[in-house]
Amino acid sequence: MLDSHTDAASQSPQREENDNHISTSTVNLIRRFCTQRHWDQYHSPENLAKSICIEAAELLECYQWTPGYPPASPEHVQDELADVLTYCIQMSDRLGVDMDSIIRRKLAKTEKKYPVTLVRDHPEAAQERHDEVRRREDAAAHDHLPA
């Protein structure tokens, strides 16, 4: 857990005993499961990205009609979340990236984009910052289009 005086990107990667994390043995189980079935041949980055989106949609479906209806059972939600995480692990393997490193790098960027002093308890400020970044990115992309 982060304290108020330290940013997330500088936190050490040490894990506490009761931390929610994916162990190396679990990652190895996923790898072995796919290898035994020769499924790695189908796990291109494109196919894995599609699978992540499909499984994320199935996770979202668990909450489709809430609050009018109760969400899906906790076990169903956990199964769908496990599918998303599994494909994310496979994607990081296929791309040859370290999950901790890319998450820390992205979190550092996001901390700069959404400083606590500007966005804490102000979701509209966070949305304004997001929209401004999107406008700048769109303008930059437009500037690079062929005439």
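Miscellaneous remarks
- Selection count, region 20-78, where residues are under 22 Å from D100 (Cα atoms), free of Cβ contacts under 8 Å to residues at least 60 places away in the same chain and part of a loop (DSSP other than H, G, I, E, B): 5
- Failed item in (1) exposed (fewer than 12 other Cβ atoms within 10 Å of the Cβ); (2) at pLDDT below 95; (3) within 19 Å of the chain's Cα centre (by Cα), with N18 passing the rest: (3)
- P13 satisfies every condition listed in (1) surrounded by 12 or more Cβ atoms within 10 Å (Cβ to Cβ); (2) at pLDDT below 95; (3) within 20 Å of the chain's Cα centre (by Cα) except (1).
- When R105, R94 are checked against the criterion of being of a type in the set (K, R), touching a helix residue (DSSP H, G or I) at 6+ places or on another chain (Cβ under 9 Å) and under 21 Å from C53 (Cα atoms), R94 stands alone in meeting it.
- Filter result (out of contact with any helix residue (DSSP H, G or I) (no Cβ under 7 Å at 6 or more places or on another chain) and either of a type in the set (F, W, Y) or surrounded by 10 or more Cβ atoms within 10 Å (Cβ to Cβ) (or both)) within region 117-130: R120, H122, Q127, E128, H130
- Of the residues making up region 50-60, those that are surrounded by 14 or more Cβ atoms within 10 Å (Cβ to Cβ) and either more than 18 Å from I22 (Cα to Cα) or among the small types (G, A, S) (or both) are S51, E55, A56, E58, L59.
- Matching residues in region 68-105 - criterion: being among the hydroxyl-bearing types (S, T, Y) and open to solvent by 70 Å² or more (accessible area, probe 1.4 Å): Y69
- Selection from region 107-147 of residues that are on the phi > 0 side of the Ramachandran plot and either hydroxyl-bearing (S, T, Y) or in a helix (DSSP H, G or I) (or both): none
The values are calculated or read from the model by the stated rules, or taken from the named source; none is laboratory data. Keep in mind that what you see is a predicted model, and the values were worked out from it rather than measured. With ideal geometry, Cβ positions are generated from the backbone for all residues, glycine too; neighbour counts draw on all protein chains shown. The accessibility values were calculated without ligands, DNA or RNA, using every heavy atom of the protein model including side chains. Shrake-Rupley method; radii C 1.70, N 1.55, O 1.52, S 1.80 Å.
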